[in-house]
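Here's the structure we're looking at; comments come further down.
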Amino acid sequence: MKILNNVVKGFLCFAVVLFVLSFKSKKIEISSSSIKNDPIDRKVDSVLALMHLNEKIGQLVQYAGKWNATGPSSSDRDQYKLDKLKKGEVGSMLNITSVKSIRETQRIVMEHSRIKIPLIFAYDVIHGYKTIFPIPLGETASWDLEAIKLSSSIAAKESAASGLNWTFAPMIDVSRDARWGRIMEGAGEDPYLNSVVGVARIQGLQGDNLSNVLTIAACAKHLAGYGFGEAGRDYNTVNIGENELHNTILPPFKAAAQAGVATFMNSFNDIDGIPATGHKVLQRDILKGQWGWNGFVVSDWGSIGEMVTHGYAEDTKHAAQIALNAGSDMDMESYAYQSHLEALLSENKVSIGQINDAVKRVLKLKFQLGLFDDPYKYCNEQREKDEIYTKENLEIARDVAKKSIVLLKNKDKVLPLSKNVKSIAVIGPLANDKDTPLGNWRAKATYNSAVSLLEGIKSAVGKKTIVKYEKGVDLTVPNIPEGSNQFSFPLEFNTIDSSGMANAVELAKNSDVVVLAIGENAYQSGEGRSQTNIGFFGLQNQLLEAVYKVNKNIVVVLMNGRPMELQRLSEITPAILECWHLGSQAGYAIADVLFGDYNPSGKLPVSFPYHVGQEPLYYNQKNTGRPSNAKHVTFSAYRDSPKTALYPFGFGLSYTQFSYTDLKLSQDEMDADGEIKASIKITNTGERMGEEVVQLYIRDVTGSLIRPIKELKGFDKIMLKAGETKTVTFNINAEMLQFYTANKIWEVEPGKFNVWIGGNSITTLKETFVVK
Ligand code: NOJ
């Protein structure tokens, strides 16, 4: 502690001098710009002044706890890591969880190192820590920013109570390819939705003040383009131009920077030949330069070293040089900075200014988190016991889960089911699965801890209702072993065992209604889980057909992490509920919707195709020169499939109906820096109360760069009583109309704009105005 005490004393003297100077400044008029006004910056400078080069480089290094690698690693490095911790040559650890382990690891640094700079502890808390919320894609379907913020705040509270102070979330990669397994981890295909949902998640995680012990630092990832890997293959090359980069991919990152996200993570992919990790334009010029963001950038796992494999760096040393020059501040598990920065500095290949800048960014967050005041601030065993997986947190998880469900089809009002229906057959490989609803990236969830659909249904129905269950077929073999994570085993799908089919069919035959739970296993989506087939694996299709033969009254409950091919399903089954992987309380939340205790209000954050061959499929595409639907062959279309979505972006039904009328603009002309209002009347024409997500779409009809045929620019989730009408008004301003133009700046181009308001992205109610 001696050195830190000196730091504090030094800081106090410095502060006194500054105070005196600032007091006198009115008279002697010294330039205030030469004085750092942020007390944290001053503290950071004082610490930096005491650091040796090896300690500075150490702050730029992050290692994983050996017991929980989330990428390639080798165990002979354990001793090496321990030595480095003792020397104060590590800035952060990831994948160490629990107060006990975190306290022990922190103590190694605090007791052995010369300078005693506390570690920050990071973990992938993606949709809850132990109380698990819907996967991020599913939660986005709620279009409920307050609910999303709340779920992130619970995730933060539970993480912080177990000693953590940093998570690698939210993922704000615009994701348009259902083949990409990580589509489950973001907010879907739209830049605006990714921006507002990303900001809500950041606010939930970080709160107003990072030093609050109920919050943790967030990390916006992956800068950039990771969702655009060719052919939906994870880690694959991204071939996009400047238009796509600036107008589609970067807006959520800019929003995150403006919202004060503490950190960014760069990404594995290359963009047009430059690995994102070594991308100077992205990290130094845009993020830290143009956007003036002052947090730090962490690499992705081993992504600095992988620049060698990409064919961009000659060796790890060269990779370290490229990464630091490009503005990548912290090296996660590449060992590149630790091994090579000192030599690179002496060879003038990196500068001390760059190293100092990166170190200051890291130290700043440690001060903001309050770790310099108390390195064990987040290590509180009592909180760990009391605040994790509480009844209140589970109730919130249920609430968010029910809001995330999307009603895709409801022919003849099959839903909601009566609680007094005589008999329900609950069938399918996911019907009594207590693990799949936890989804991938489930942090510290307990294996098999979710409420299954069967449990949910049983808890909801009246005493006289007979509920029986048959699995029918298995989805995976073997069942996921306890203690697995998404990296620890390959998935095998059962295509052989059909022995349960007959029982399932028999049960269906003798029941009033079938609730059929099919879809994807928890680990079918997520990192490294790209697929060329987005249909139902195993014998699920056969199960559907066999059940359908004997009972047409089928309600399908889908559990999945990506858009799936649902064409056949939607032809034959009267009701479909998209239930994603909904988390700890999945079964209760689904039952809330099945039996009408909650009227579904979710809307799709991604387009669902007819066929995987349409991927990437997204509503905000460009028009092409030949968009017609005419039956002539020379138009942009498929010969064997529609080109539109089966279920479009923004789509979702309710148990009531809404009508949209009287779309009006306040003016039909607008100044480029002006504002106009677009309003619409929405009426609940059905018989029960319900929520509707009212969506505003705009098209800039002609541009110096072609603009998408429609872009989401705003939405409002409103509640309407049966028969009630409300008017919703959106202000349309320059910020909504501008884009990164051919002039390579963000500006509004004069000309014609179309405006649509409706309940999904294929709404046709349209008005037009002109920007002068
Ligand atoms: C690799 C993933 O791409 C990233 O999102 C994650 O945060 C890190 N591994 C750490 O687990």
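So the values come out like this:
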{"quantity": "Using θ = phi - 60° and Karplus 6.51 cos²θ - 1.76 cosθ + 1.60, couplings along the stretch 330-338 (whole Hz; Gly, Pro as x)", "calculated": "10, 9, 8, 6, 9, 6, 7, 5, 4"}
{"quantity": "Extension gain from Asp512 to Thr725, taking 0.36 nm per residue of separation minus the Cα-Cα distance", "calculated": "73.0 nm"}
{"quantity": "Loop GluC sites (Glu not before Pro), the stretch 279-351 (other Cβ atoms within 10 Å of the site Cβ: 16 or fewer; DSSP)", "calculated": "Glu314, Glu347"}
{"quantity": "Sorted largest first, extent of the stretch 631-713 alpha carbons per principal axis (Å)", "calculated": "46, 40, 18"}
{"quantity": "Semi-axes of the equivalent ellipsoid for the stretch 552-710, Cα gyration tensor, largest first, Å", "calculated": "32, 25, 15"}
{"quantity": "Summed residue charge, Cβ within 13 Å of Met559's Cβ, Lys/Arg positive, Asp/Glu negative", "calculated": "-2"}
{"quantity": "Relative contact order (percent, whole number), the stretch 399-604, Cα cutoff 8 Å, 6+ residue spacing", "calculated": "37"}
{"quantity": "From the C-alpha gyration tensor of the stretch 301-344, square roots of 5λ in Å", "calculated": "13, 11, 10"}
{"quantity": "Packing-based exposure ordering (other Cβ within 10 Å, fewest first) of Thr764, Thr729", "calculated": "Thr764, Thr729"}
{"quantity": "Size-normalised alpha-carbon gyration radius of the chain, reference 2.2 N^0.38 Å", "calculated": "0.99"}
{"quantity": "Dipole-positive endmost among Ala169, Thr476, Ile154 within the chain (Cβ charges, Cα centre)", "calculated": "Ile154"}
{"quantity": "Extension reserve of the Lys752-Thr624 stretch, reckoned as 0.36 nm per residue once the Cα distance is removed", "calculated": "44.2 nm"}
{"quantity": "Among the listed pairs Lys631/Lys677; Lys84/Lys254; Lys149/Lys377; Lys130/Lys317; Lys157/Lys721; Lys56/Lys744, those beyond 29 Å (Cα-Cα)", "calculated": "Lys631/Lys677; Lys84/Lys254; Lys130/Lys317; Lys157/Lys721; Lys56/Lys744"}
{"quantity": "Among Val426, Asn448, Leu415 the positive-end extreme of the charge dipole of the stretch 399-604 (Cβ point charges)", "calculated": "Leu415"}
{"quantity": "Spin-label pair Ala502/Asp78, simplified geometry with 7 Å Cα→Cβ offset, distance in nm", "calculated": "5.1"}
{"quantity": "Over the chain: helical MRE at 222 nm, DSSP H runs n ≥ 4 each giving -39500 (n - 2.57), nearest 500", "calculated": "-9000 deg cm²/dmol"}
{"quantity": "Charge tally in the Cβ shell below 12 Å around Val199, where Lys, Arg are +1 and Asp, Glu are -1, Val199 excluded", "calculated": "+3"}
{"quantity": "Average Cα contact separation per residue, the chain, under 8 Å, 6 or more apart, as relative contact order %", "calculated": "13"}
{"quantity": "Pair-distance profile P(r), taking every C-alpha pair of the stretch 658-771, with 10 angstrom steps and integer %", "calculated": "14, 45, 27, 11, 3, 0"}
{"quantity": "Dipole magnitude of the chain about its Cα centre (Cβ charges: Lys, Arg +1; Asp, Glu -1), debye to nearest 20", "calculated": "1100"}
{"quantity": "Thr140, Thr105, Thr768 arranged by Cβ crowding within 10 Å, fewest neighbours leading", "calculated": "Thr768, Thr105, Thr140"}
{"quantity": "Length released on extending from Ala343 to Lys463, taking residue separation times 0.36 nm less the Cα-Cα span", "calculated": "35.7 nm"}
{"quantity": "Listed residue (Ser654, Ser499, Gln614) projecting farthest to the positive dipole end of the chain, Cβ model", "calculated": "Ser654"}
{"quantity": "Taking N as its residue count, the alpha carbon Rg of the stretch 399-604 over 2.2 N^0.38 Å", "calculated": "0.94"}
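None of the figures in this text is laboratory data; all of them are computed from the coordinates on show. Small disclaimer: the values here were computed from a predicted structure and weren't measured. As a convention, Cβ positions derive from the backbone with ideal geometry for all residues, glycine included, and neighbour counts pool all protein chains shown.
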